[in-house]
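A quick write-up on the structure given underneath.
The values are calculated or read from the model by the stated rules, or taken from the named source; none is laboratory data. No experiment lies behind these values; they were computed from the predicted model shown. Here the Cβ positions follow ideal geometry from the backbone for every residue, glycine too, while neighbour counts run over all protein chains shown. Heavy atoms of the whole protein, side chains included, go into the accessibility calculation; ligands, DNA and RNA do not. Shrake-Rupley method; radii C 1.70, N 1.55, O 1.52, S 1.80 Å.
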Amino acid sequence: MDGSGSGSGQERRALVVEDDEDIRSLIEFTLKTQGFEVTAVDSGLAGVEAVRTFDPDLITLDLGLPGIDGIETCRRIRETSDAYVVMITARDDEIDRLIGLETGADDFLSKPFSVRELKARINALFRRPRRGPALSVVPTSTEPDHEVLEHGALRVDVDGRRAFRDEDELALTRTEFDLLTELMRTPARVWTREALLRSVWGTDWATDTHLVEVHVGNLRRKLGESREGPKFVRTVRGVGYRMESL
């Protein structure tokens, strides 16, 4: 798959949830050429059921589905699956895109999109590690190559893909976890939105900087930030983000 394989030798599975037959066929064909085993459905309810039975690694999800829309479908999917989710929308309304991302989508595409762009975004997603099964204990590994980051009340077990505030584990998506990890590795660095796009999303598309803004907002909520409470991620006006000074 264009060099994005994990080396496990297992065929990855993709689910296409799209009610437009032509677009569904195009995405299905594209993913098959990328080496995926593909299942395609035309409604949100069918998509939720397919996630349970098919256990996909990747889901492309149309926003404007009949019945339950892509937003509600994504919420339900996230209850049982950590698959990469690419939301696809025909609407230009920015709010739709942002709401879609708040449900746990990892990326989005606007119709019409090119096959090249779809492939590039999928390959970028799969260059990021997928979270493994949760462990039953707080990580205490003393292995020298086991990376654990700490910043105030926050602790990130990079290798175990787990994040904690004090002793409470945070329910972060892969994107939120990767974003927090990058910020905590260099807490004094001010990350521009473009630099975070390259590091976390693996893309140089400058028009996608709002992806960073939305995911930072989601991350802050899960960290428990509030006006009166503690702050962990600081906005550097006109530049980007860094960890709050201790």
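Key figures for this structure:
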read-out: Looking only at region 117-142, and only at residues there that are at pLDDT below 80 and of a type in the set (Lys, Arg), the one that is most open to solvent (accessible area, probe 1.4 Å); value: 130
read-out: Residues of region 196-232 classified as open to solvent by less than 40 Å² (accessible area, probe 1.4 Å) and either touching a residue at least 60 places away in the same chain (Cβ under 8 Å) or part of a helix (DSSP H, G or I) (or both), total; value: 19
read-out: Region 184-195, residues that are open to solvent by less than 50 Å² (accessible area, probe 1.4 Å), part of a helix (DSSP H, G or I) and over 18 Å from residue 107 (Cβ atoms); value: 184
read-out: Output for region 143-183, where each listed residue is crowded, with 19+ Cβ neighbours inside 10 Å, among the charged types (D, E, K, R) and outside any strand (DSSP E or B); value: 161, 174, 176, 178
read-out: Residue selected from region 233-246 under the condition part of a loop (DSSP other than H, G, I, E, B) and at pLDDT 85 or above, by the criterion farthest from residue 106 (Cα to Cα); value: 245
